[in-house]
Amino acid sequence: MWLLDTKTIKLRQFVTNIPDYIILSHTWGDGEVSFDGIAQPRAKHIAGYSKISRCCAQAVDAGFEWAWIDTCCIDKRSSAELSEAINSMPKWYWDAAVCYAFILDHSLGSNTFKSSRWFKRGWTLQDLLAPDVMEFYDSNWSFMGTKSSLLSQIQTATDIETHYLINRGAIENATIAAKFSWASGRTKTREEDMAYCLLGVVHVNMPMLYGEG
């Protein structure tokens, strides 16, 4: 597992004895910083770098030394590593000390939270369900609240029953039909994304060739 040092924003690989870490949930956009790009001097001039640096700064303030961010903590040049990461992500979100949900298209004081793109993407479903502690931040990295304090708005935006949102252990008892209904209407980049992003929700681990259908 690759993690970012939150002070230096440099990658380090951990095979065993994984330290406490925060994990970022977000929606991808143009100019994301990749695994091989994060160490390059030009990374700071890429649009997505600000999201990484602000996330790490928030983690430092909260006392965390390590962070996991999917854009730069997976070597997508390796199909084997990408496959392993996709299968491991549900556990990584589950094991994270805190998950930061970055809501790029919302700012405090506006009424755009429930209509945010974050609630419409397939991959953010497992991000929402797996973590034990989840904190939401707006486009300026202002703290909005926790999953518990924002529960009513999240339930309205997702149509997921509140007991599944506040008790991640209860998800195991939800029917397959219910789990698929949570994903319905969510968008994806690739056709296979909807199946892959449900792996953790339905407790399936499988080999894959991501990007090949």
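The values are calculated or read from the model by the stated rules, or taken from the named source; none is laboratory data. Just so it is clear, the model here is predicted, and its values are computed rather than measured. Cβ sites come from the backbone with ideal geometry, for glycine too, and all protein chains shown count toward neighbours.
For the reader, a short list of remarks on this structure follows.
- Residue among Ala47, Ala57, Ala43 that alone is surrounded by 12 or more Cβ atoms within 10 Å (Cβ to Cβ) and out of contact with any helix residue (DSSP H, G or I) (no Cβ under 9 Å at 6 or more places or on another chain): Ala57
- Residue check, Phe136 over 20 Å from Trp68 (Cα atoms) and aromatic (Phe, Trp, Tyr): no
- Cβ separations smaller than 9 Å between residues 6+ apart or across chains give the following pairs from the range 151-176 residues that are farther than 24 Å from Asp95 by Cβ to residues that are charged (D, E, K, R) and at pLDDT below 90: Gln153/Lys114; Thr156/Lys114; Ala157/Lys114.
- Restricting the search to helices (runs of 4 or more DSSP H) fully inside the range 120-187 and requiring at least 2 residues that are under 17 Å from Ser110 (Cα atoms) and at pLDDT 90 or above gives 151-158.
- Checking Tyr100 against (1) of a type outside the set (D, E, K, R); (2) surrounded by fewer than 17 Cβ atoms within 10 Å (Cβ to Cβ); (3) in contact with a Leu (Cβ under 8 Å, 6 or more places away or on another chain), the condition it does not meet: (2)
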